[in-house]
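Notes to accompany the following structure.
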Amino acid sequence: MRNYLIAGNWKMNQNTAETAAFFSALANEITEVPQGVDVLVCPTFTSLFAALEGANTIKGVHIGAQNMHFENAGAYTGEINADMLNEIGITYVIIGHSERRQYFNETDETVNKKTKKALEKGLVPVLCVGELLSERKADKHFDIVKEQLVKGLEAISADDAGKVVIAYEPVWAIGTGETATPQQAQEMHAYIREVLTEVYNASVAASMQLLYGGSMNPKNAEELLNCKDVDGGLIGGASLKADTFSAMIKTAGNLKSN
Ligand code: PGA
């Protein structure tokens, strides 16, 4: 049985003081993550320490980074490596978010290199895939997502693939307030599991957590999380406030206990 994963992607928001304030507010809402639910918060690099410290007070909250480089070390000004994340206690890393693909020239090839490096270093990669609005309108969304998945996971063994979290984030739903319908989310998640079954096998595909991302919030979380193949959310805007973030954690907990 897969756990839910409720993951916050803070993007370029929340400095150290705001991060500390977020975690004290979150600790007032929840002292322990509900059974069957994993919680992850991914702040910006400079807020990672404050987040690790804040997460100490709530049992079961993981802290992740939003990006890393695929090389071990060296002359890569402005970059950060997997060992540096490991050293301070980071356990997850978001790879290939559509904003990284769109604004920072990330490609399926760099996404693949980063995913492999994260796995080699024992970090859990949250590999992001998702189509543009024009691609959905042209009815190419399944092909695009398949290509991103297959290329992103190239030369990764079944054992390692089982450790990867996939986030399906239709680009047209990110930060727009427009959410995929539960039908659209379920349809794509089922398809992703089908592709993973083809590439690996049914048991690896069944074990992997598939997150939906794109304007998830406390109002729509329940119907999205209720979809058979949706195992959680990668949440931007609604993860920045402790009350909305904790509401979605509680929703996942309630669905698990039913
Ligand atoms: P959003 O962002 O929830 O603000 O749409 C999601 C994401 O980009 O991961």
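Being in contact with a strand residue (DSSP E or B) (Cβ under 7 Å, 6 or more places away or on another chain) and aliphatic (A, V, I, L, M) holds for only one residue in LEU240, LEU224, and it is LEU224. Any chance you could count how many residues in region 231-258 are within 22 Å of THR176 (Cα to Cα), hydroxyl-bearing (Ser, Thr, Tyr) and away from the ligand (no atom under 11 Å from the Cβ)? The qualifying residues number 1. Can you find a residue that is more than 21 Å from GLY122 (Cα to Cα) and within 16 Å of the ligand (Cβ to nearest atom) anywhere in region 19-40? Yes, there is a match, as at least one residue in region 19-40 is more than 21 Å from GLY122 (Cα to Cα) and within 16 Å of the ligand (Cβ to nearest atom).
Looking at this structure, is GLY8 touching a residue at least 60 places away in the same chain (Cβ under 8 Å), part of a strand (DSSP E or B) and under 20 Å from GLU120 (Cβ atoms)? So GLY8 does not fit the description; no. All of (1) β-branched (Val, Ile, Thr); (2) assigned to a helix (DSSP H, G or I); (3) within 30 Å of SER246 (Cβ to Cβ) hold for ILE144 with one exception: (3).
Report yes if ALA161 is within 15 Å of the ligand (Cβ to nearest atom) and crowded, with 18+ Cβ neighbours inside 10 Å, otherwise no. Here the answer is no, as ALA161 does not meet what is asked. If you check LEU196 against the conditions, is it within 16 Å of the ligand (Cβ to nearest atom) and either out of contact with any His (no Cβ under 7 Å at 6 or more places or on another chain) or among the basic types (Lys, Arg) (or both)? Spelling it out, it is not the case that LEU196 is within 16 Å of the ligand (Cβ to nearest atom) and either out of contact with any His (no Cβ under 7 Å at 6 or more places or on another chain) or among the basic types (Lys, Arg) (or both). Within region 85-101, which residues are more than 17 Å from VAL129 (Cα to Cα) and in contact with a helix residue (DSSP H, G or I) (Cβ under 9 Å, 6 or more places away or on another chain)? Result: LEU85, ILE88, GLY89, ILE90, THR91. Within region 212-230, the set of residues being farther than 18 Å from THR176 by Cα and either within 15 Å of the ligand (Cβ to nearest atom) or small (Gly, Ala, Ser) (or both) comprises LEU225, VAL230. Do we have any residue at all in region 222-238 that's in a helix (DSSP H, G or I) and at pLDDT below 95? Within region 222-238, not a single residue is in a helix (DSSP H, G or I) and at pLDDT below 95. When the helices (runs of 4 or more DSSP H) confined to region 71-137 are screened for residues that are farther than 22 Å from ILE156 by Cα and either of a type outside the set (Lys, Arg) or more than 16 Å from the ligand (Cβ to nearest atom) (or both), those reaching at least 1 such residues are found at 82-88, 98-103, 133-137.
The values are calculated or read from the model by the stated rules, or taken from the named source; none is laboratory data. Remember, it's a predicted structure, so these values are computed and weren't measured experimentally. Positions of Cβ are backbone-derived with ideal geometry, glycine not excepted, and every protein chain shown enters the neighbour counts.
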